[in-house]
Amino acid sequence: MDMPHFNQEILHFKDVSIHLMNFEPYDPSEFLDQLTDHEKERYFSFTSNKRKMEYVATRILRHRIFGFEHIHYDEHGAPYIENEGFISISHAEGIVGIALCKEFKIGLDLETIRDKAVILSPKFITENESTFLDTSNIVTMTKAWSAKEVLYKLAGRKELVFKRDLLLTSASKEHWKGQVVNTNETLNVDLRIFTHGDTIISFNEKEIERLQYDI
């Protein structure tokens, strides 16, 4: 089904491909044929039209990549599709994305650049992070928030505190490093973060390094 007002592109990296699709406001009810029966049930549980548009857009993108392969979720809420490797889903204002990786667990985050990240920075930026990140810069703080969203998706658990459990250790142009602090291990993560139009795109470009220790 040709839908010209949904503009798709693919960004290729070494082990990761990111499928992006831009969209303008539309009537999501016109595209329910892109949803599985289970997804239609979930669609009708949403009260926000914005949420419905985002949800349907991700399924339209899924349908373009995989057809009607169902998107499953594990016990931590991470999405996956049977026999397709690892995937991660994200959305921002007028854009949705699906990252694919055959080699390792992937986390993707899309963020619209806005000053909200600067306003909220005291809640998620540590004292150490403020020594190498400009907390007054809108783009930098949006990148920092986006980086921590990726770390959250890779943590493998819920009930995380962004300022305690999700840490950024360095930032150099598009290549950042972060850590997830779990009870019995630390996860070291190499992040790729860049600006794409009005959107920040963040993902882990390598496999997570796990450092386990006795407690």
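Read-outs: derived from the displayed coordinates by stated rules, not from any lab. Source: prediction; values computed, not measured. Every residue, glycine among them, receives a Cβ derived from its backbone with ideal geometry; neighbour counts consider all protein chains shown.
Table: residues versus (1) surrounded by fewer than 19 Cβ atoms within 10 Å (Cβ to Cβ); (2) closer than 23 Å to LEU191 by Cβ.
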site	(1), (2)
ASP27	yes, no
GLN34	no, no
SER48	yes, no
ARG62	no, no
ASP74	yes, yes
GLY77	yes, yes
GLY97	no, yes
*Conditions (1) assigned to a helix (DSSP H, G or I); (2) within 24 Å of LEU211 (Cα to Cα); (3) among the basic types (Lys, Arg); number of the one not met by LYS143*: (2)
*asked:* Can you report the number of residues in segment 69-120 which are at negative phi and either part of a strand (DSSP E or B) or out of contact with any Asp or Glu (no Cβ under 9 Å at 6 or more places or on another chain) (or both)?
replied: 32
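Can you tell me how many residues within segment 171-215 are in a loop (DSSP other than H, G, I, E, B) and either of a type outside the set (A, V, I, L, M) or surrounded by 13 or more Cβ atoms within 10 Å (Cβ to Cβ) (or both)?
Adding up the residues that qualify gives 13.
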